[in-house]
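See structure below.
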Amino acid sequence: MKKSICLYFQVHQPTRLRLYRFFDIGKDSHYYDDFANRTILRRIADKCYLPMNALMLEAIKAHGGQFRIAYSISGSALEQFERYAPEVIDSFKALSDTGCVEFLAETYYHSLASLASYSEFEHQVLKHKAAIERIFGVTPTAFRNTELIYSDSIGQQVCSLGFKTMLTEGAKHILGWKSPGFVYSDASEPRLKLLLRNWGLSDDVAFRFSNRSWDQWPLTAEKFLSSLKAAAASGDEIVNLFMDYETFGEHQSEGSGIFDFMRALPGAVISDGTFEFVTPTKAARKHKVSDELDVPDPISWADEERDVTAWLGNELQQEAYNKLYALVEKLSLAQDPVLWEDFGHLQESDHFYYMCTKFFSDGEVHKYFNPYDTPYEAFINYMNVLSDFKIRLDDAISHGDIKFAARKEIEAPIAAPSKKPRKKPVKKK
Amino acid sequence: MRVLMFGWEFPPHIAGGLGTACYGIVKGLAANGVDTIFVMPSASGDEDQSAARIINASDVAVDTVSTSVDEFLDRVKFVHIGSNMIPYANPEEFSSLVEEERLRQVKDFRISYGQKYKFSGKYGANLMEEVARYAMVGGTIALQHKDEFDVIHAHDWLTYYAGIAAKELTGKPLVVHVHATSYDRGSEENIDTRVLAIEKRGMEAADKVVAVSDLTRGICINRYGIDPDKVVTVHNAVDFSGRENIQVERGVKDKVVTFLGRITFQKGPEYFIEAAAKVLKRTKGVRFVMAGSGDMMSRAIRQVARMGISDRFHFTGFLRGADVQKMFALSDVYVMPSVSEPFGISPLEAMRTGVPSIISKQSGAAEVLRYAFKVDFWDVDAMADDIYALVNYPALTAFAAREGYDEVNALKWTGATARLKQVYESVLK
């Protein structure tokens, strides 16, 4: 049996918030920096998504279906594509039509809902699934959570939503002596198979590719293949290369030769014959579970710690997160789809990432993606927006109560159970 | 390593921040194994001599040990500060005027020769004369202690002439320390050109110029035309040893936002008032305090009245000693909106008291304080937003207070003076 390479790319763009001063609270409820969002999306579309999609399509066609890849595209990114760069959607459709591309399910808003609220998590996963079905006409069968966040309890939630395959980080502190080069299963849900990111090889491409002080620089397809084969020789059955799609052309500029590298890689791997390319769902079917993994505390692919401290590490982040998810219950009483949408966008993990105060170890990475100068600014801006959102939510509910009260009077003779009118809108959504 | 240091004041009798900084520097140098002879114009005998030997310039007669009067005068002749303007003098007239002036100086000097001069050591009306006399005495002291030091170190323009005289007479290298420049003291139009000339002179004569921040370093280079290689930044620190935070009882339940400092153009009081008006428009339960006095005080009071916020905006007048401490203890937010601030020690004091600080980006302190909130002094919207956030989002306040406290406690003079020692070493090579 051939060894497997599983390539998965994350496509996500946050819905960046505009500079929202406290005097805007209660007055202006447009929260987003449309100009920045459009400009950034257009730039990345031109530098990364469009050329890379073309390159991938070319590779798939050239290798007659032997080259396979997977994408996870967040709902926030899909919305921005539809709004600002519909041709990106078309190019993904073209990839989808080859049959060699798998689309993964995730939370629609690239959120941390899996840590906060099962109902919200379920809502977003189903919303994302529906969006993928609507746009690409395929139903996702494998799941990847925001930033590859995973724990035993998240595994259970994912399994209960019907997924049999999930992707996560090959975190050292979880694996210990074990290798990420096998398929594992969830400790309590043996049906859920886990694919673990090979962070060493993934980061060779995603982070170190253009680093001239790295001893492997410049990385060529041949060199990388020999690293892959070294992993295979040590017994690994599968190499999971998971990375941000923006690696290509954005984080690693075109001038670094990243496109040439990706152009050469499929051919090199296929003609060598040690490996075959698989998509996550195929990988889970092909390989047997070697062991189960116990992950009591959430892991992720971020920072040195590979945990969730990049989003929830300090009390600013925790405060914002708690205040946000405290609204879940209230929101279920409101039937306003616009409120639900804003609530979704406010959940994007990026907002919490900007408030991170790890200035040192991973500060550089944090800074690169950050529209704010300081975590304070990120927090203040976010809380101002959230304050306005809360006012709107309270208004919506009190209006709803008035309407409800009025209707009750009319319907009084029928003596409808008081819960009924409230349930209806929830179903609608 | 031994240093002859010229200062203007030293605790316990201080009028400005210079004395406190000198005390910290002397103690820090002692910890780094540097012996200091500290010369000041008027010592009262109760200064702490544990870290440095203090020489009172008022006790020293202008006397030359090894040189003749003429030679001495020849070296320090520049010291005389005349403000005589001679319009339309032809060359002959000019040279005779210069000769006349020289003879007058020699006569002047012969009278004071061998006598002591009683310095006030204050910042009074005859400051210029004191500065000139200090140079004479400083030169004498340098000659008398010629074998007891390796480097001369002069703090701010008041002592630059003394430093230059000491350098001319002993040939030892001179380091001048720029705690503030004329550009920080007044607006562009009302700069005292005599002071400006002394500053320029001192920086030019020095072997190395030490600036208290990169901001000040920039001013030395761009405004005074000093060679960038010669100017080094050594950030100030603060000595909190033996400081206990005092507990005060509050009279009002409202949050208190404080400005503390001279009410002058340089400190940006009007921006504080504008921000206060913006915050008060949207929030109850907050009061603003402007502590201090200065030439813009009446203007500030009128501005407050005009904006109609006098019921929530209070002036305390000049505060001294323990009252300053008490004011910090009573505050919830500290604001330093300085237009130009070479360093600015007050936010460090506030943060040490556990009060989060908002400081202008145009301050040297902004270069070292990671956990202070930074805004442009003119950006009253951002300032108002930060104030609002600190009053309304308790998680932010708690975080900033705790991290800020730890941060300022870690800023030690031992670190700053270790850099100073390197500067000394560099001029000795």
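Nothing in this text is a laboratory measurement; each read-out follows from the coordinates by a stated rule. Keep in mind it's a predicted model, so treat the numbers as computed, not measured. Note: ideal-geometry Cβ built from the backbone for every residue, glycine included; neighbour counts use all protein chains shown.
Annotations
- Filter on A:K323/B:K281; B:K200/B:K267; A:K164/A:K288; B:K167/B:K208 - keep pairs with C-alpha separation over 21 Å: A:K323/B:K281; B:K200/B:K267
- Legend: distances between Cα atoms for B:K116/B:K172; B:K255/B:K374; A:K2/A:K193; pairs beyond 22 Å are B:K116/B:K172.
- Going by neighbour counts of Cβ atoms within 10 Å, the residues A:F207, A:F22 line up, fewest first, as A:F207, A:F22.
- Aspartates and glutamates with Cα under 16 Å of A:K3, excluding same-chain neighbours fewer than 8 positions away: A:D236, A:E237, A:D272, A:E276
- Acute angle (nearest 10 degrees) that the helix B:297-307 long axis makes with the longest principal axis of chain B, alpha-carbon atoms: 20
- Helix axis angle, B:156-170 relative to chain B longest principal axis, alpha carbon, degrees: 30
- Kirkwood Rh, angstrom, the protein assembly as shown [1 / mean 1/r, Cα pairs]: 32.0
- All other residues whose Cβ lies under 12 angstrom from that of B:K284 are scored, Lys and Arg at +1 and Asp and Glu at -1, for a net of +4.
- Relative contact order (%) - chain A, alpha-carbon pairs under 8 angstrom, separation at least six: 21
- For chain B, the antiparallel share of DSSP beta bridges with both residues in that region comes to about 5%.
- Cβ-Cβ FRET estimate between A:T139 and A:K288, R0 fixed at 30 Å, reported to 0.05: 0.75
- Footprinting exposure proxy for B:H314, A:H110 (fewest neighbouring C-beta atoms within 10 Å first): B:H314, A:H110
- FRET E, pair B:A398, B:A322, Förster distance 30 Å, beta-carbon r, rounded to 0.05: 0.65
- For B:E204, the shell of other residues with beta-carbons less than 10 Å away shows a net charge of +1, using +1 for Lys and Arg and -1 for Asp and Glu.
- Label-point separation in nm, B:R370 to B:D229, each point 7 Å along Cα→Cβ: 3.3
- Listing A:V338, A:V295, B:V151, B:V257 from fewest to most neighbouring C-beta atoms within 10 Å gives A:V338, A:V295, B:V151, B:V257.
- Percentage of interatomic Cα-Cα distances in segment B:243-409 larger than 30 Å: 7
- For segment B:243-409, averaging the sequence separation of C-alpha pairs within contact (under 8 Å, six or more residues apart) and dividing by the residue count gives a relative contact order of 24 percent.
- Per-pair calculated FRET efficiency, R0 = 56 Å: A:T220 and A:D394 via Cβ, rounded to 0.05: 0.40
- Compared with the dominant Cα axis of chain A, that is its longest principal axis, helix A:221-233 is turned about 90°.
- The Cβ shell under 12 Å around B:Y271 holds other residues with a net charge of -3, Lys and Arg each +1, Asp and Glu each -1.
- Projected label distance in nm at A:E254 and A:E82, using a 7 Å step from Cα toward the beta-carbon: 3.0
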